[in-house]
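Engineer: My questions all concern the structure below.
What follows draws every value from the coordinates through simple rules; no lab data is involved. From a predicted model like this one, the values you see are computed outputs, not experimental measurements. A quick note on method: Cβ atoms are made from the backbone with ideal geometry, for glycine too, and the neighbour counts reach across all protein chains shown.
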Amino acid sequence: MLKGRSLVEPKDFSIEELDGLFQLAEKIEKDEKYLRDSCRGKLLATLFFEPSTRTRLSFEAAMLRLGGSCLGFAEPGSSSAVKGESLADTIRMASSYADAIVMRNPKEGAALLASRYSNVPVINAGDGGHHHPTQTLTDLLTIRQLLGKIDSLTIGFCGDLKFGRTVHSLSKTLAHYNKIKMLFISPLELNLPEYIKKYLKKLNCEFEEKENLEESMPELDVLYMTRVQRERFFNEDDYIRLKDTYVLDSDKIACGKEKLIVLHPLPRVNEISVEIDSDPRAAYFKQAKYGMYVRMALLASILGVEAD
């Protein structure tokens with residue numbers, strides 16, 4: 001179904017195709033030997049022009065668990081980009097060696113460009129402040145696993161909504177599910193971009209913009225915390241002023257529902273107190289592991305081995 005397909009942004013896959021991926025990921029989560037060695041002989045190129053821990057390691061773990069191999073680089077300084085090689089040429093080269101490419105790049109639109117020059121599927125692992133579709137897969141699988149559904153939920157996004165590519169990808173995808181309400185909680189300077197709001201309005205998705213986290217807590221089924229991203233700011237003073245605007249602590253989470261789940265794409269800085277880690281509603285480390293399972297399902301699907 002997804003064989004040979006690239007994933008540049010979430011809308012590249014239909015809701016039905018996403019559901020199929022989640023079902024496959026759930027089979028893998030229940031039996032980690034499922035699809036073991038199905039990608040033997042396959043190569044995944046991991047091209048990370050920007051730092052990553054979870055995304056890069058989870059993709060490499062996913063490919064290795066499927067029996068395949070990985071090659072690539074973890075930072076641009078070890079690639080010919082420092083010599084002035086164009087992204088198009090890097091992609092042409094990598095696609096002649098590998099069966100699929102996973103790429104992170106600080107420039108918006110880089111993944112789309114890569115997909116146009118590649119002879120193999122390209123998976124966007126984050127392009128600047130634009131999209132992060134495999135984090136969206138991770139987030140949706142986590143919600144589905146822990147709450148048993150994705151529709152009929154109220155989901156709060158808190159923190160850096162302006163530059164937060166995980167927020168952009170997830171909110172646009174959630175808008176296609178039934179009876180979803182979203183609360184966007186941020187200081188005015190870090191509000192959700194207008195193009196995302198226009199997209200949600202076009203789909204008649206219910207959403208509100210707020211500045212107060214405590215007031216929003218009682219109605220949330222999911223709280224999606226994000227860090228204020230220092231690397232996206234041009235002005236250090238603005239970052240320092242805004243970085244600790246929201247901190248989830250025991251007092252704030254006490255206002256939440258008993259079955260609330262707290263997600264975070266990680267890494268966190270100060271926005272979730274470590275005292276929350278032991279609360280059963282804290283799901284961000286489970287979320288990180290679900291990321292490996294859904295990336296295994298994705299790789300198996302685009303490489304065409306999921307039914308072998």
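Engineer: Could you pull out every one of the aspartates and glutamates with an alpha carbon less than 17 Å from that of LYS252, ignoring same-chain neighbours closer than 8 positions?
Structural biologist: Counting by Cα, and skipping residues close in sequence, LYS252 has these aspartates and glutamates nearby: GLU211, GLU214, GLU215, GLU219, ASP221, ASP244, GLU271, GLU275, ASP277, ASP279.
Engineer: To one decimal place, what Kirkwood hydrodynamic radius in Å is obtained for the chain from all pairs of distinct Cα atoms? Display every interim value, and only then the final one.
Structural biologist: Numbers: mean 1/r = 0.0506 Å⁻¹.
Taking the inverse mean of 1/r over all distinct Cα pairs, the chain comes out at 19.8 Å.
Engineer: Just to confirm my numbers, what's the Cα centroid distance between segment 280-297 and segment 204-230 in Å?
Structural biologist: 21
Engineer: Round to the nearest 10 and give me the degree value, 0 to 90, for the angle of helix 133-147's Cα axis relative to the longest principal axis of the chain.
Structural biologist: Once rounded, one gets 60 degrees.
Engineer: What order, most packed first, do the peptides 40-51, 290-301 have when packing is the mean number of other Cβ atoms within 10 Å of each residue? Before the final figure, lay out each step's value.
Structural biologist: Working: 40-51: 19.6, 290-301: 26.4.
My ranking of the peptides, most packed first, is 290-301, 40-51.
Engineer: Cα to Cα, under 20 Å, and not fewer than 8 places away if on the same chain: which lysines meet these conditions relative to LYS42?
Structural biologist: By straight Cα distance, LYS42 reaches LYS3, LYS33.
Engineer: Report the Rg/Rh value for segment 71-160, based on alpha-carbon coordinates and the Kirkwood definition of Rh.
Structural biologist: On the way: Rg = 16.4 Å, Rh = 15.0 Å.
Value, to two decimals: 1.09.
Engineer: Something else about it: Find how much the distance from GLU215 to LEU146 grows on full extension, using 0.36 nm per residue of separation minus their present alpha carbon separation; answer in nm with one decimal. Mind dumping the intermediate values first?
Structural biologist: Numbers: separation 69, 0.36 × 69 = 24.84 nm, distance 2.41 nm.
Answer, rounded to one decimal: 22.4 nm.
Engineer: Tell me which aspartates and glutamates have Cα within less than 14 Å of LYS11's Cα, excluding those fewer than 8 residues away on the same chain?
Structural biologist: The qualifying aspartates and glutamates are ASP19.
Engineer: Taking K and R as +1 and D and E as -1, what net charge do the other residues with C-beta under 15 Å from the C-beta of LYS202 add up to? Each step should come with its number before you reach the end.
Structural biologist: On the way: positive: LYS11, LYS172, LYS197, LYS198, LYS201; negative: GLU194, GLU206.
Taking every other residue near LYS202 into account, the sum is +3.
Engineer: In whole percent, what relative contact order does the chain give with Cα contacts below 8 Å and a gap of six or more residues?
Structural biologist: Relative CO of the chain lands at 21 percent.
Engineer: Order these peptides, 261-267, 23-29, by their mean beta-carbon neighbour count within 10 angstrom, highest first. Could you put the intermediate results ahead of the total?
Structural biologist: On the way: 261-267: 21.9, 23-29: 18.6.
Highest to lowest by the protection proxy: 261-267, 23-29.
Engineer: What Kirkwood hydrodynamic radius, in Å, does segment 133-288 give when the mean of 1/r is taken over all pairs of distinct Cα atoms and then inverted? Please list the in-between numbers first.
Structural biologist: Values: mean 1/r = 0.0643 Å⁻¹.
Over segment 133-288, the inverse of the mean reciprocal pair distance is 15.5 Å.
Engineer: From the backbone phi of segment 112-118, what are the Karplus-calculated ³J(HN,Hα) couplings (6.51 cos²θ - 1.76 cosθ + 1.60, θ = phi - 60°) in whole Hz, Gly and Pro given as x?
Structural biologist: Once θ is set to phi - 60°, the couplings for segment 112-118 become 5, 4, 4, 5, 7, 9, 8 Hz.
Engineer: While we're on this one: If I fit a long axis through the Cα atoms of helix 165-174 and take the longest principal axis of the Cα atoms of the chain, what angle between them do I get, 0 to 90°, rounded to 10?
Structural biologist: Once rounded, the angle reads 80 degrees.
Engineer: To the nearest 500 deg cm²/dmol, what mean residue ellipticity at 222 nm is calculated for the chain from DSSP H runs of n ≥ 4 alone, each contributing -39,500 (n - 2.57), summed and divided by the residues?
Structural biologist: Working: 11 runs with 113 residues, N = 308.
Calculated at 222 nm, the ellipticity per residue is -11000 deg cm²/dmol.
Engineer: Mind giving me the FRET efficiency for GLU208 and SER69? R0 is 41 Å, r the Cβ-Cβ distance, nearest 0.05 is fine. Intermediate results must be reported in sequence, preceding the final value.
Structural biologist: Values: r = 47 Å, r/R0 = 1.15.
My answer for the efficiency is 0.30.
Engineer: Roughly what angle does helix 284-302 make with the longest principal axis of the chain, taking Cα atoms, 0 to 90 degrees, to the nearest 10?
Structural biologist: So the helix axis and the longest Cα principal axis differ by about 30 degrees.
Engineer: Which pairs in the list LYS27/LYS172; LYS181/LYS289; LYS181/LYS257 are over 23 Å apart, alpha-carbon to alpha-carbon? Write out the running numbers ahead of the final one.
Structural biologist: Working: LYS27/LYS172 26 Å; LYS181/LYS289 26 Å; LYS181/LYS257 16 Å.
Cα-Cα > 23 Å for LYS27/LYS172; LYS181/LYS289; rest within.
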